[in-house]
1. So in the range B:69-78, with the set limited to residues that are within 17 Å of B:Ala35 (Cα to Cα) and within 14 Å of chain A (Cβ to nearest Cβ), which one is surrounded by the fewest Cβ atoms within 10 Å (Cβ to Cβ)?
2. Of the residues in the range A:27-59, how many are under 12 Å from A:Leu71 (Cβ atoms) and either touching a strand residue (DSSP E or B) at 6+ places or on another chain (Cβ under 9 Å) or within 14 Å of DNA strand D (Cβ to nearest atom) (or both)?
3. Of everything in the range B:84-98 that's over 19 Å from A:Trp85 (Cα atoms) and at pLDDT 85 or above, which residue is surrounded by the most Cβ atoms within 10 Å (Cβ to Cβ)?
4. Restricting attention to the range B:1-27, which residues are assigned to a loop (DSSP other than H, G, I, E, B) and surrounded by 17 or more Cβ atoms within 10 Å (Cβ to Cβ)?
5. Within the range B:46-70, can you find the residues that are more than 9 Å from DNA strand C (Cβ to nearest atom) and in a helix (DSSP H, G or I)?
6. Can you go through A:Glu66, A:Glu81 and tell me which one is surrounded by fewer than 14 Cβ atoms within 10 Å (Cβ to Cβ) and under 15 Å from the mean Cα position of the chain (by Cα)?
7. Given the structure, is A:Ile101 among the β-branched types (Val, Ile, Thr) and at pLDDT 95 or above?
Protein chains: 2
Amino acid sequence: MPDHLQPVFRALGDPTRRDILRLLGQEPMTIAEVADNFDMTRAAVKKHLVVLSDGGLIEVAPRGREKVNSLNALALKPALEWIGWFDQFWDARLDALKTAIEKETTDDTGHNNG
Amino acid sequence: MPDHLQPVFRALGDPTRRDILRLLGQEPMTIAEVADNFDMTRAAVKKHLVVLSDGGLIEVAPRGREKVNSLNALALKPALEWIGWFDQFWDARLDALKTAIEKETTDDTGHNNG
DNA sequence: ATATTGAGATACCAAATGGTATCACTTATG
DNA sequence: CATAAGTGATACCATTTGGTATCTCAATAT
């Protein structure tokens with residue numbers, strides 16, 4: 001399984017970057033505008049934007065001398081689906097428990113879990 | 001917003017750890033058993049297990065001199081929900097595009113996209 | 001009692017990460 | 001043209017990260 005979603009999870013691994021995504025969910029912003037919302041230099045924010053861009057989570061479009069960064073939420077879908085695979089355990093676990101209990105009450109084959 | 005889900009996303013940020021989660025989805029395993037599935041030392045695997053445990057993604061139970069690591073898929077739920085917030089854009093964007101197109105067809109202010 | 005085995009702890013290392021400061025480049029504006 | 005503003009690029013730094021090697025401790029087996 002080629003880890004094409006590694007860049008996505010990598011990007012999501014930093015709280016600042018997650019905040020940036022939320023921020024860009026409101027509206028597209030230039031680097032400077034994004035940086036205004038954080039207590040760090042523009043250069044640092046730019047680095048985060050590069051990581052986000054590597055993960056395909058944002059799109060960057062030039063507008064005059066500015067760069068407008070906009071959210072590409074669709075890139076989150078693979079990550080959502082990866083995690084979603086595990087939801088089989090959330091309900092399934094209760095289900096398995098129920099099944100196990102039922103099996104125990106009707107199981108007189110002599111099977112013993114030694 | 002206190003980043004209680006930072007440990008979760010942190011844990012998901014490494015491909016080995018994601019593989020471990022999948023692995024433990026099959027069945028609980030000791031450290032050595034997990035390590036058998038990877039090309040690295042037991043100590044390295046143990047470190048990953050600690051990170052996973054910090055994120056609440058696995059539970060560790062002693063069994064004799066062994067430690068059995070089992071998946072706690074429920075801890076993934078907050079991460080799934082965080083990402084899920086963005087699905088409003090998946091359909092909404094198409095919707096916005098549709099709206100924008102409709103607006104353009106009735107908008108004769110002279111705006112022109114190159 | 002003595003190996004043997006599974007795991008924890010520590011020290012150590014190279015590389016990646018998150019940040020700063022600084023300079024060069026490009027685009028607007030006087 | 002000169003200057004200012006927005007960005008890109010680079011060098012640099014401290015810390016974290018992912019890994020190894022090694023030692024000790026606890027539990028099992030002989």
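1. It comes out as B:Ser70.
2. Of the residues in that region, 10 qualify.
3. Among those residues, the one meeting the criterion is B:Phe89.
4. If the condition is that a residue be assigned to a loop (DSSP other than H, G, I, E, B) and surrounded by 17 or more Cβ atoms within 10 Å (Cβ to Cβ), then B:Leu5, B:Gly13, B:Asp14 are the ones that fit.
5. If the condition is that a residue be more than 9 Å from DNA strand C (Cβ to nearest atom) and in a helix (DSSP H, G or I), then B:His48, B:Val51, B:Leu52, B:Ser53, B:Asp54 are the ones that fit.
6. That would be A:Glu81, the only listed residue that is surrounded by fewer than 14 Cβ atoms within 10 Å (Cβ to Cβ) and under 15 Å from the mean Cα position of the chain (by Cα).
7. no
The values are calculated or read from the model by the stated rules, or taken from the named source; none is laboratory data. Bear in mind that the values here come from a model prediction, so they are computed numbers and not experimental data. Note: ideal-geometry Cβ built from the backbone for every residue, glycine included; neighbour counts use all protein chains shown.
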